[in-house]
Each structure stands twice: as structure tokens, then as C-alpha cells.
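The next block holds one structure in the form of C-alpha cells; read it before the comments.
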Amino acid sequence: MATEREQAGDERLGGFEVVVAMVAVMWLVEVVDAIDNHRLDSHGIRPRDADGLIGILTAPFLHAGFGHLIANTVPFVVMGFAIAFKGAARVLAVTAIVALVGGLGTWLVAPEHTVLFGYATYLLSRGFFDRNLIELAIGLAVAFVWGSALLGGLLPRDGISWQGHLFGAIGGVAAARLLAPAREPRSGQEVAIRR
């Protein structure tokens, strides 16, 4: 029978594999998109169009060319691996929450590009909700390394969806809150609840 440490290592490895698989899919999609004259890009989020809802599932894998994909790959892998320390299920849950919240919010108001911002704000807020110093330190490191890029993504510019970045960020905070461990009520709170 596997020890707790071995099981945690297996969960981390599974998380790393999920991140690597998502990056591989992104690169494969971009290669196919480039070969096909960028027709796949039409399958992104199309705001307020019922047919555009499929973009909530496809948009995280679509990029505006190889330059955009290259710029996003390193932070995606670094932040994805930081999330993967809690296992494959955590990576998948964070990705699903960010894609859903970010995608629906974007669908309601603007174009795409949500997951990377969601990972960043998940890591930034996770330590606060989990009350964990190591996770707070990871969040501070993310802010230090990518903070200016995160803030820059919220500025309105041609060809860049600040709305997509904003709702992706909201999705990341939502994921951190939803996936935080349940807190034990303090003794004073417990008494107040029982009354």
C-alpha cells in the first residue's frame, strides 16, 4: 500500500501531466490553425451569440498566432505547475471554474483570452482563502514576476480583450474560494451558531 507521501507525489505527477497535456493541445491546435489559415480562431467566444457559447470550451486552446502562444506558454506552465502541486483534480477544477466563469462573463460582454489570468489570480488569492503562508508566498511571487503584465492586460487596447482578462481573473478568485478547505468554526462562532 502506498504511503501518504507516495500518494501525494503521484497526485502531483498527475497534475504536472495535465498541465503538459494542455500545453501540447494548445500547440497542436495552433499548428493546425496556422496550416488552415487561422480558421479555428472563428471557434472562440462570440459575445451574445448562442453559437458562440462553444467558445467557452475552445477559447482556452486558441491563440492569436505563435507569438501569442509563446508568450503565454511559460507563465501557463509555471503557474499550472504551482497549481499541480495539489494534484490533477485541482488543475482540472481550477481550469474548469476559470474557463466557465471567465468564458460566460466574456460571452456576456466581450471577446476571449481568460485562462492565464485565472491561473494568476487563483494563485494570488489561494493563500488568503486557504490561510497558508507558502501559498501566500507563491501568490506574491506571481504578483512580482507577472504583476505588470496582469495589470497591463486590463488596459483597453486594440486586439486585446481586457474584459476577457477581467472575467478570467474573477474566475481565478472564484476558483480559489470554491476550492478552499472548509474552515473550522472558532469556539465563539460555534456557540453563536448553536443558539
Using alpha-carbon coordinates, inclination of helix 4-35 to the longest axis of the chain, degrees: 10 degrees
Centre separation in Å (Cα based) which lies between region 126-169 and region 1-55: 20 Å
Crossing angle, helix 133-152 versus the chain [Cα axis fit, 0-90 degrees, rounded to tens]: 30 degrees
From phi via Karplus (6.51, -1.76, 1.60), per-residue ³J(HN,Hα) for region 88-101 in Hz, x at Gly/Pro: 5, 4, 5, 4, 5, 5, 4, 4, 5, 5, 4, 5, 5, 5
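Taken together, the values in this text are just the output of simple stated rules run on the coordinates, not laboratory data. As the structure is a computational prediction, the values presented were derived from the model and not from experiment.
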